[in-house]
Amino acid sequence: MLMTPGPVEVSPRVLAALSSPQIYHYYPGFIDFFEDTVEKVKRVFQTKQDVILMQGEGVLGLEAAVANIIDPGDKVLVCDSGPFGKWFRVYVENYGGVAVEASVDPREVMDVELVKRVMDDHKDLKALTIVHCETPCGTLNPVGEICREAKKRGLITIVDAVASLGGVEVKPDDWGIDVCISASQKCISSTAGLTLMTVSQNAWQAMEAKKKPLRNSYLSILDYRETWLKQKRFPFTPLVAEVYALNEAVSELLEEGLEQSFKRHREAAELCRRYSREIGLTLWPKKDEYASNTVTAVEVPTQYSDKTIVEHMAEKYGVLIGGGYGETKGRVLRVGHMGYQATTANIITTMEALRLTLRDLS
């Protein structure tokens with residue numbers, strides 16, 4: 001039973017879609033199908049902006065957003081509330097940018113006032129990067145407030161919504177997000193392999209205004225605009241099977257309804273946090289209001305290692321959860337309640353397996 005914070009379990013419908021016969025990607029039927037998929041993803045994003053489906057796992061989209069917008073010497077405010085927020089610094093510096101960090105303790109979420117002060121202290125910032133759900137920490141950042149403040153100052157906003165889209169509210173248009181990046185294998189509950197991305201007109205202009213716009217590259221977002229958005233063609237062969245799976249996954253999500261999905265994720269998260277406390281575990285986030293409804297992170301009890309707990313649960317009880325990552329490695333256990341996983345029955349099964357594991361190891 002897969003209860004990791006991604007990739008996640010997928011439904012029988014998604015598995016069946018993956019087994020669809022292969023098709024030539026320029027057959028008119030597939031062009032229509034791809035367009036239908038894009039339109040459904042747009043509804044999940046609740047956006048009127050352009051939507052791009054990049055053919056690669058979500059990290060491709062995160063790097064591509066920076067690569068397409070940042071020129072050497074550009075200053076970028078990197079919001080660091082954990083390993084993935086910090087990771088944006090690597091992308092910025094790889095493409096010659098200058099990272100200015102706003103950092104908080106990984107048990108907390110980004111402080112809006114801190115971000116405002118850093119932006120006011122650095123008037124020459126070009127962009128801001130931030131992670132919505134910091135999965136290694138189980139926290140959810142106030143992206144809407146922060147991006148609105150960044151837009152007041154004319155910054156391009158780049159948001160990692162890989163572990164939040166579909167499970168909690170994400171509103172690129174209302175929040176002032178210029179590039180919002182997600183992925184197929186988290187709350188969307190499909191298989192890994194596709195990046196889902198919204199792109200604002202401000203972002204397109206920034207990409208065109210680069211000293212050397214990124215073209216003819218696997219990372220080029222402009223190539224997708226010139227091919228798919230303008231010609232209904234592709235910059236290279238798309239991952240046909242993954243597109244079938246994604247279409248089915250977003251169809252299921254839209255049939256359920258976004259608000260109902262958010263409610264289901266919230267109830268699963270609340271149950272997981274309550275159960276964690278009942279079996280004597282301490283939540284990693286300092287406050288419940290910091291915790292994400294898509295993943296729960298708890299401290300590893302001092303007498304055990306995360307590796308021992310994870311392996312025992314999987315081998316004896318058949319339930320696989322995750323350990324930490326980056327600065328939380330060895331310090332937290334993580335239960336993913338994303339997409340198809342986010343049910344009361346799954347949480348009870350998982351937490352009982354964890355309780356029995358702790359008993360066995362004591």
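What follows draws every value from the coordinates through simple rules; no lab data is involved. These numbers were taken from a predicted model, which means no experiment stands behind them. Cβ placement follows ideal geometry from the backbone for every residue including glycine, while neighbour counts extend to all protein chains displayed.
Descriptive notes on the structure:
- Within segment 214-260, being assigned to a loop (DSSP other than H, G, I, E, B) and of a type in the set (S, T, N, Q) holds for ASN216, SER217, SER220, THR237.
- Residue in segment 134-144 that is more than 19 Å from GLY326 (Cβ to Cβ) and either crowded, with 24+ Cβ neighbours inside 10 Å or under 10 Å from the mean Cα position of the chain (by Cα) (or both) present: yes
- Residues being touching a helix residue (DSSP H, G or I) at 6+ places or on another chain (Cβ under 9 Å), part of a loop (DSSP other than H, G, I, E, B) and polar (S, T, N, Q) - total across segment 313-362: 1
- Criterion violated by THR296 - all others in (1) exposed (fewer than 13 other Cβ atoms within 10 Å of the Cβ); (2) under 20 Å from the mean Cα position of the chain (by Cα); (3) not in a helix (DSSP H, G or I) satisfied: (1)
- TYR304, sole failed condition from (1) of a type outside the set (Val, Ile, Thr); (2) assigned to a loop (DSSP other than H, G, I, E, B); (3) touching an Asp or Glu at 6+ places or on another chain (Cβ under 8 Å): (3)
- Members of segment 71-107 that are among the acidic types (Asp, Glu) and in contact with a helix residue (DSSP H, G or I) (Cβ under 6 Å, 6 or more places away or on another chain): ASP80
- Residue pairs meeting the criteria (Cβ under 6 Å; at least 6 apart or on separate chains; first hydroxyl-bearing (Ser, Thr, Tyr), in segment 40-60; second surrounded by fewer than 19 Cβ atoms within 10 Å (Cβ to Cβ)): THR47/ASP173
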